[in-house]
Amino acid sequence: MNMRTVRLFLAVTLSIFICPIARAELKWEQTTVELHPAVTDKEAVGHFKYQNTGNKPVRFQSVHTSCGCTAAQTQKDEVPPGEKGEITATFKIGDRTGTQVKTVTVDTDDPVNATTVLTLKAVIPQVLQINPGFVFWGQGEAPKPKTIVVRVGKDFSVKQLKVTSSSPDFETKVAQTGKGQFKVDVQPHDTSRDMAATLTIQPEGSSKTFYATARVTNVPAVQ
């Protein structure tokens, strides 16, 4: 092998090593977002930002959420090299309270990280704590009142509570037992047959509605 051939061989070999390899790579700022919506908010929106740090475009193949109460939207179908963007996840709060965790699964043509799971955590203020949420009587049991205790969340103020029964077979009576605490006495007219009612609990000044259940079962009462 002469000197000219050796130099050509070395030049080709060196070019192979220093030539950049085309790749797509989507980097996320964060894959988990925690939100603390106000009690009056109807939805919680999380923003998941990303950047294509590779040198070839990244294409989104699918984006789907873990439940029907959450929707996800991309800004674009394809992300050119160096460009940034975000996926927004919108969670419909409805009557939900407490900690809600929803996910968004993102599939791309990124050969290294084809699938990314984004997590949206919404901590929703709990206006009321209801215990128990279900009261019942056995068939033939004495139709005496049973009590549901309702406690108001520490960051809220409720002076009155309205409770209604979906069935005239049950009566309800509300009394305040202390600051931020109520008792709801529920009483069936009789226990001779199977019957049930949904109890709607509405705090004064709040748009949220809460529920409990009362029922007379067809199982005879234990004497």
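Looking at (1) assigned to a strand (DSSP E or B); (2) small (Gly, Ala, Ser); (3) surrounded by 12 or more Cβ atoms within 10 Å (Cβ to Cβ), can you tell me which one Ala175 breaks?
In the conditions (1) assigned to a strand (DSSP E or B); (2) small (Gly, Ala, Ser); (3) surrounded by 12 or more Cβ atoms within 10 Å (Cβ to Cβ), Ala175 misses (3) alone.
Would it be correct to say that Lys27 is closer than 30 Å to Pro203 by Cα and open to solvent by 80 Å² or more (accessible area, probe 1.4 Å)?
Judged against the criteria, Lys27 is not a match.
Going through segment 89-118 one residue at a time, which ones are surrounded by fewer than 11 Cβ atoms within 10 Å (Cβ to Cβ) and either modelled with pLDDT of 90 or more or within 24 Å of His36 (Cβ to Cβ) (or both)?
Asp95, Gly98 - these are the residues of segment 89-118 that are surrounded by fewer than 11 Cβ atoms within 10 Å (Cβ to Cβ) and either modelled with pLDDT of 90 or more or within 24 Å of His36 (Cβ to Cβ) (or both).
With under 32 Å from the mean Cα position of the chain (by Cα) and either at pLDDT 95 or above or part of a loop (DSSP other than H, G, I, E, B) (or both) as the only criterion, which of Thr198, Thr191 stands out?
Result: Thr198 is the single residue among Thr198, Thr191 that is under 32 Å from the mean Cα position of the chain (by Cα) and either at pLDDT 95 or above or part of a loop (DSSP other than H, G, I, E, B) (or both).
What are the residue pairs meeting all of these: first residue in segment 104-124, first residue of a type in the set (Asp, Glu), second residue surrounded by 15 or more Cβ atoms within 10 Å (Cβ to Cβ), Cβ atoms under 6 Å, and 6 or more apart or on different chains?
As it stands, the answer is Asp110/Ala24; Asp110/Leu26; Asp110/Val58, since those pairs meet every condition given.
Is at least one residue of segment 53-74 over 19 Å from Thr97 (Cβ atoms) and in contact with a Gly (Cβ under 6 Å, 6 or more places away or on another chain)?
No: zero hits.
Is it true that Thr217 is open to solvent by 20 Å² or more (accessible area, probe 1.4 Å), modelled with pLDDT of 95 or more and outside any loop (DSSP other than H, G, I, E, B)?
When the stated conditions are applied, Thr217 does not pass them.
Can you confirm whether Asp194 is among the acidic types (Asp, Glu), in contact with a strand residue (DSSP E or B) (Cβ under 6 Å, 6 or more places away or on another chain) and surrounded by 16 or more Cβ atoms within 10 Å (Cβ to Cβ)?
No, not satisfied.
I'd like to verify a number: residues in segment 125-159 that are hydroxyl-bearing (Ser, Thr, Tyr) and either in a loop (DSSP other than H, G, I, E, B) or out of contact with any Lys or Arg (no Cβ under 8 Å at 6 or more places or on another chain) (or both), how many?
Total meeting the criteria: 1.
The values are calculated or read from the model by the stated rules, or taken from the named source; none is laboratory data. The structure displayed is predicted, hence computed values, not measured ones. We place every Cβ from the backbone using ideal geometry, glycine too, and count neighbours over all the protein chains shown. Only protein heavy atoms, including side chains, enter the accessible area calculation; ligands, DNA and RNA are left aside. Shrake-Rupley method; radii C 1.70, N 1.55, O 1.52, S 1.80 Å.
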